[in-house]
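Since the structure comes first, as structure tokens, the remarks are kept for the end.
Bear in mind that the values in this text are calculations on the coordinates, not laboratory data. All values derive from a computational prediction rather than experimental measurement. We place every Cβ from the backbone using ideal geometry, glycine too, and count neighbours over all the protein chains shown.
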Amino acid sequence: MDDTLDLYQELILDHNKSPRNRRKVDPADRQAEGFNPLCGDHVSVTIKLDGDVVKDVAFEGSGCAISTASASLMTEALKGKTLEEAKKTFQRFHGLVTGETDEEPPTPDSMGKLAVFSNVCNYPARVKCATLAWHTLKAALDGENEQISTE
């Protein structure tokens, strides 16, 4: 295994073992719940806005290492972004892990730490794990109140 894959594995394991922003934002301006019925992963995302800027974002829930690390890295990546930038980051991340994009595919270099998930597209069963928190975030940003499901 090359050094890059080792680094990626270490980053995912670190964010699984010590997730950043694993808490509830209170009071929250936006929130949503997400669930993956196939594996049982569950996530709740809460957001505090300052105008159209994501002032704070956090998650709670339980899931596999990929799901937890993805939620943790997502919260770090989105703080300080505008709503438009946050939605764009969702689209780019989704394109990275699914290989499906309407734009030029994001490159690992353009995704910062989120690039650790660039290999997930090679494991279709894990794509839902990596994207659960992101779909839940998008629902919260869009003000949707229904529980998000990966099915």
Failed condition for ASP29, given (1) surrounded by 13 or more Cβ atoms within 10 Å (Cβ to Cβ); (2) more than 21 Å from ALA140 (Cα to Cα): (2)
Those residues of the range 61-86 which are surrounded by fewer than 17 Cβ atoms within 10 Å (Cβ to Cβ) and within 12 Å of the chain's Cα centre (by Cα), in sequence order: GLU76
Criterion violated by ARG92 - all others in (1) farther than 18 Å from ILE148 by Cβ; (2) in a loop (DSSP other than H, G, I, E, B) satisfied: (2)
The range 9-63, residues that are out of contact with any Asp or Glu (no Cβ under 9 Å at 6 or more places or on another chain), under 24 Å from LYS113 (Cα atoms) and in a loop (DSSP other than H, G, I, E, B): SER18, PRO19, ASP41
Qualifying residue in the range 97-113 (condition: under 17 Å from SER149 (Cβ atoms), in contact (Cβ under 8 Å) with a residue 60 or more places away in the chain and surrounded by fewer than 18 Cβ atoms within 10 Å (Cβ to Cβ)): no
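For the range 30-50, name all the residues that are in contact with a helix residue (DSSP H, G or I) (Cβ under 9 Å, 6 or more places away or on another chain) and of a type outside the set (A, V, I, L, M, F, W, C). Walk me through how you get there before you give the answer.
Going through the range 30-50, the residues in contact with a helix residue (DSSP H, G or I) (Cβ under 9 Å, 6 or more places away or on another chain) turn out to be 30-36, 38-39, 41-47, 49.
Listed by number, the residues that qualify are ARG30, GLN31, GLU33, GLY34, ASN36, ASP41, HIS42, SER44, THR46.
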Among the candidates ALA140, ALA58, ALA125, residue that is out of contact with any helix residue (DSSP H, G or I) (no Cβ under 7 Å at 6 or more places or on another chain), farther than 18 Å from GLY40 by Cβ and among the aliphatic types (A, V, I, L, M): ALA140
